[in-house]
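What follows is a single structure, written as structure tokens, with notes after it.
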């Protein structure tokens, strides 16, 4: 098979969360264990840092990877979802997994794929571990896909676990309270492995304290560390909300130093100022154009979008235009209520089955005071916004990772 034929096979034959939603989620680790056993358990051949959380886990993962890469360590990075190419999920020293490896891997385990019918995510996790092992990476930064306890990545035993924060997202899968969601994320905490919590919260702290006590793990709350309290940490990842992520990263770095990993303060600072170029990270408060200014951000749940809207208020512009789309299985009213009433809206949808029809989004937006027009493609929506905007206006693109992916 060619690379495109291989990708088409993986997308068409396997459950895929981006396309199929929660129907693609497997609520146990059996398939991942079977896949990795067939590959000789590659996940045990390198040291891992495991990252979970409602928001910020992608940013934290990329920052940590950039720091390790900058010190000359061969570094694997696994993140999801991808924006344009599924190979974005799996990188070694910033470079995507090769097309040849994806083809050969799929052909190698095709009989097992046919027999156990794993999800697309389960396949990419196994592919990632096999690629990292064969590439002889020294450290791998592994981001969970959804939750933690039953996430496919959770067959690893890391040297450090990190949970960025807890917000309400995927409540139908993870639980309808912050404490229940925290319990699922806390599932990545392993016996004797230190854990960093990025943001403390009265409803979730006790969950993490209890789990850490149960596993005899040293627990650190990054946002209570006086070393970083009110400290400005420079990073090229724009948006003030990245400061919270940077504090989480610096707490993690302190622990990695304690574990004997040689990390230099100057190289750390340089890495944080060059994350985008080192790891090829995109989609977080990304400036796509200057006149008019166009900003795209993948924040797509209440916790994340609230931070993005706070950042948007700090921008200077004449008129705000918002290109906005969502997937159909998200709770929408609370999100729509976070959006500014004085913007001009271009309601749209990404090109995938889970996307919410823009007509529905526009009508629900009207109920909370948002006025605009609907478009059947992201491209049409952006073109209309650009045609209507003057050079001192601002166009914001968001609501869904997939809308931002098409904008990029």
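The values are calculated or read from the model by the stated rules, or taken from the named source; none is laboratory data. What you are looking at is a predicted structure, and each value in this text was computed from that prediction instead of being measured. Because the Cβ atoms are built from the backbone with ideal geometry, glycine has one as well, and the counts that use them run over all protein chains shown.
Annotation note: of 192, 239, the sole residue that is surrounded by 18 or more Cβ atoms within 10 Å (Cβ to Cβ) and on the phi > 0 side of the Ramachandran plot is 239.
Residues in the range 332-339 include none that are closer than 30 Å to residue 87 by Cβ and touching a residue at least 40 places away in the same chain (Cβ under 8 Å).
Within the range 27-50, residues that are assigned by TED's automatic domain parsing to the domain that holds residue 126 and surrounded by 15 or more Cβ atoms within 10 Å (Cβ to Cβ) have Cβ atoms under 6 Å from residues that are at pLDDT below 95 and not in a helix (DSSP H, G or I) in these pairs: 31/118, counting only partners at least 6 apart in sequence or on another chain.
No other residue among 330, 314, 349 is part of a loop (DSSP other than H, G, I, E, B) and at pLDDT 95 or above apart from 349.
Residues that are touching a strand residue (DSSP E or B) at 6+ places or on another chain (Cβ under 9 Å) and closer than 21 Å to residue 244 by Cα were ranked within the range 174-187; the one that is surrounded by the most Cβ atoms within 10 Å (Cβ to Cβ) is 185. Annotation: residue 373 fulfils all but one of (1) under 24 Å from the mean Cα position of the chain (by Cα); (2) assigned to a strand (DSSP E or B); the unmet one is (1).
For the condition touching a helix residue (DSSP H, G or I) at 6+ places or on another chain (Cβ under 8 Å), part of a loop (DSSP other than H, G, I, E, B) and in the same structural domain as residue 56 (by TED's automatic domain parsing), residue 199 qualifies.
Let's see how each residue does on (1) assigned to a loop (DSSP other than H, G, I, E, B); (2) surrounded by fewer than 17 Cβ atoms within 10 Å (Cβ to Cβ); (3) modelled with pLDDT of 90 or more; (4) over 22 Å from the mean Cα position of the chain (by Cα):
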position	(1), (2), (3), (4)
230	yes, yes, no, yes
251	no, no, yes, no
263	yes, yes, yes, yes
266	no, yes, yes, yes
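Considering (1) surrounded by 15 or more Cβ atoms within 10 Å (Cβ to Cβ); (2) under 25 Å from the mean Cα position of the chain (by Cα), the lone condition that residue 345 does not fulfil carries the number (2).
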